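Contents: one structure, followed by commentary.
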């Protein structure tokens, strides 16, 4: 009997040790690797969503600067100055009051200066920004923008050309305060910072990837040739739930094996599955947020890239739609009314297309309709139904029209080439409207 008990103890000890080894290498380590992968994926999606929010804020600021530069009355006065009808001093006097009104109507704009022939015509300084060290920007025939730091504050500087009849007749240099925007994108753990593209080149960092450096996890992205951003979080904070989970599992394994091996094994499996399910649910939530345009409810460009990769064997008819005169709607009725127009048109698109089709917000007022397995006649009929639905249900006091272009999309490899084809067709549609 004593010998039997000894043998039983040895067998039980071997079983416990073997089952413990199996638990550690067959369950705990794979589970830990899976959770760590999900945590990094969650952070990558979170970083992309915050960069996208920053890009949205920049796009809105650019639209404001463009609307300031396109105000007809003071733009016409510049034309009169170039024609010799008015003097430079008269131009400055005429511009001042109307220019101040235009600047104060735009949210976040704190400083603006209009230049004609390289000389300042009017300056509006809402926040008493020190002008020392501010040199006139180079003349440009297209929008340019970059981030600057003045007295510890972050500003977005936009240089917007003033266009006459197909030529530049002046330009505006405007500054938006971006401290509030950055504050909303940062918290105690996640930090978004503006960096120079040279920093990425010098340190051999690539965009759209994660890096561990100095106990932090970094995500880098380029917004423009002059603006890059980093989104980072402490590695310990990112993996804190994993570390807590690891300590808990070890404690339960040791305690449980002393009580009853089978019960503890079941508890570990259930607990691990619960945690993995929770983290997977969080990942799905981040994915849903990143894939949807927050204003209109349409799919985002990030979703477009993912969707086209997942649907390689499906043929789509691609329709690129650009709202007509949308900038004029913003200028005349305000950006809030413009947002209502965007949401209204997206609701029309969703109502007309099938559930198997996709509505994507491609740009400010540009949308992509991906119609599954449709010929050109079906796509044209779809456009007609959209026009009819807009005409019948529009709540606005002004007409809503759009131009469109259609192309065929069969492979994820040539999605952007097909979009360019649709874009060419859309502009051909615009030219036809102008001649009518």
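Report yes if residue 174 is in a strand (DSSP E or B) and either in contact with a strand residue (DSSP E or B) (Cβ under 9 Å, 6 or more places away or on another chain) or within 22 Å of residue 82 (Cα to Cα) (or both), otherwise no. Judged against the criteria, residue 174 is a match. Picking from residues in segment 198-224 that are under 18 Å from the mean Cα position of the chain (by Cα) and outside any strand (DSSP E or B), the one that is farthest from residue 38 (Cα to Cα) is 224.
Checking 116, 121, 110, 100 one by one, the residue that is touching a strand residue (DSSP E or B) at 6+ places or on another chain (Cβ under 6 Å), within 22 Å of residue 147 (Cα to Cα) and assigned by TED's automatic domain parsing to the domain that holds residue 142 is 110 and no other. Taking residues in segment 314-327 that are surrounded by fewer than 19 Cβ atoms within 10 Å (Cβ to Cβ), and partners anywhere that are in a loop (DSSP other than H, G, I, E, B), the pairs with Cβ atoms closer than 6 Å and at least 6 places apart or on different chains are 315/373; 315/410; 324/401.
Looking at 194, 169, just one residue is in the same structural domain as residue 148 (by TED's automatic domain parsing), modelled with pLDDT of 90 or more, touching a strand residue (DSSP E or B) at 6+ places or on another chain (Cβ under 7 Å) and not in a helix (DSSP H, G or I), and that residue is 169. With respect to residue 374, determine if the residue is in a loop (DSSP other than H, G, I, E, B) and without any contact (Cβ under 8 Å) to a residue 60 or more places away in the chain. So residue 374 fits the description; yes. Could you tell me whether any residue of segment 347-359 is over 24 Å from residue 397 (Cβ atoms) and touching a helix residue (DSSP H, G or I) at 6+ places or on another chain (Cβ under 6 Å)? Within segment 347-359 (the criterion being over 24 Å from residue 397 (Cβ atoms) and touching a helix residue (DSSP H, G or I) at 6+ places or on another chain (Cβ under 6 Å)), the answer is yes, since at least one residue qualifies.
Is it fair to say residue 145 is crowded, with 16+ Cβ neighbours inside 10 Å, at pLDDT 90 or above, in contact with a helix residue (DSSP H, G or I) (Cβ under 8 Å, 6 or more places away or on another chain) and part of a strand (DSSP E or B)? When the stated conditions are applied, residue 145 passes them.
Scanning segment 197-216 for residues that are closer than 28 Å to residue 150 by Cα and in contact with a strand residue (DSSP E or B) (Cβ under 8 Å, 6 or more places away or on another chain) yields 197, 199, 200, 205, 207, 216.
The values are calculated or read from the model by the stated rules, or taken from the named source; none is laboratory data. The structure displayed is predicted, hence computed values, not measured ones. Note that we place each Cβ from the backbone using ideal geometry, even for glycine, and neighbour counts take in every protein chain shown.
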